[in-house]
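Data block below; observations after.
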Amino acid sequence: MSFRFSYHETPSEGSFNRDFNDAEKGQHDTSGMALAPLSKVYASEKANGHLTAFPAAHDGNMSSATQSTSSFHNYTKSDSSLPILPKQKIAPPPSKKQEPKKSTLFILWFNTYKRLFVFVVTLNLVGIVLTSWAPLRMKLMAASFLQHVGGVHSGCALSGTAWLVYYIVQILSHRSIREPAVLITGIVTVVFIITSVVSALPWVRNNHHNIFERYHRFAGWLGLAATWSFVVLSNSYDATSGKDNSNAQSLITTENIWFTIFMTILIALPWVTVRQVPVEVEIPSSKVAVLRFNRGMQQGLLGRIGRSALMEYHAFGIISEGRHSPYHYMVCGVQGDFTKSLVANPPTKIWTRELKFAGIGHASAMFKRGIRVCTGTGIGAALSTCIQNKNWFLIWIGSDQYNTFGSTISRLIHDNIEPDRMILWDTKERGGRPDTMQLLRDTWNNFGAEVIFITSNMKGNDEMMQGCREEGMHAFGTLWDF
């Protein structure tokens, strides 16, 4: 079927080209155009087989060229009701791929794994290098930190108690939306923790050691158990919605539960190493008991022993000729009930913690040469350093040393320390105590020492520490302020 459209106005050739070009650009204006009314259109399908549209005012004939042009033009105009598509923008050719910055590539390459690797290796390499040529000031700072690291323990304990009290006060101020069980466990926890802290004050610890041992330990354990109850119950109730929360997932995602877990591990660690071990007790005099245990130890360690597994434990210095030695020893001076019982009723087995802890003597390996001075039973903490390290000088001041401390201690000294590396001052034989500062000053200059470690009673410790400070000699003494 063919179609032919006619319009009452014949456009010129220029007009046609202009309109056609505008139509191509999507800019053709069709607002002034009108199609022939449908009433003027009729079809003669029988005669012609196609539709013919004629304007109402024109019945004449047109030339074939004009008719063809007009038909095409009118076709374009008559089809203006269809949507005109916008001009398609041709996408520019893809630009050359930009290379990533070197900083970006480095960050991606230097990932967390490599950072941790570099950190650990670098830290150990620095330690290896510094052991041979670290400045003395750095060594002294490290030794001072290691000796006073207990201040971190005490400071954290007191600060944690303060935060706990603050937290409980906040809960009590909103007690109307809190479960009674949470309030009760919180208050009980605070009571136990404060009891443990008070029992560890220096005055209580030094003057009433048994009270310190029992209250600090058992109140601390009860406080830990109450902390578990408090943390779990606090998380099992949502104060915002006022509903119970039994979702375990929410419990393990809180920081409080992880603090409690790590705290429990650190507290339990020394106790899982508690063992009852055989011991031989030598009693050279009524003032001293020398205990011998199996297995050698490195120098500078302290051990804890007790008559029972859970009651009080007492710390003593460990004497050993080395890790491969068959024995190690403890010198226990008779002062309290525990040490008196060692002399009066020597045990064949005793409870101890296999996990030992280091004393200040353990830091002696950092220094090239040093002096280890001690009085009385302080030989137990000092002797091992001078036995295992040939660059340390021993000064021991005591009364009737051989008869008081026995043949075992005398043998350990004379078998392992050369005469020019020790001064044994027996106050009974020499008629009194020496001028300690003059003795230290001469030894410091002659031996070329870098540091002095002191183990003595409170009075002797203070005198030597003050004298060494005035003389410009670096010294570390026994702590009495813990």
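Nothing in this text is a laboratory measurement; each read-out follows from the coordinates by a stated rule. This structure is a prediction, so every number in the text was calculated from the model and none was measured. Positions of Cβ are backbone-derived with ideal geometry, glycine not excepted, and every protein chain shown enters the neighbour counts.
Key figures
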item: Under 11 Å, Cβ to Cβ, from Met366 - net charge with Lys/Arg +1 and Asp/Glu -1; result: +1
item: Cα gyration tensor shape of segment 92-229, rounded if a/c is under 1.5, else prolate or oblate by comparing a/b with b/c; result: oblate
item: Counted charge near Ser341, where neighbours are those whose Cβ lies closer than 12 Å (Asp, Glu -1; Lys, Arg +1); result: 0
item: Net length gained if the chain between Thr122 and Asn391 were fully extended (0.36 nm per residue, minus Cα distance); result: 93.9 nm
item: Charge context of Leu394, other residues only, Cβ under 9 angstrom, K/R +1, D/E -1; result: +2
item: Inverse mean reciprocal Cα-Cα distance (Kirkwood Rh) of segment 362-476, Å; result: 14.2
item: Segment Ser173-Ile194, length gained on full extension (0.36 nm per residue, minus Cα span); result: 5.5 nm
item: FRET efficiency, Trp133 to Ser103 (Cβ-Cβ, R0 35 Å, nearest 0.05); result: 0.45
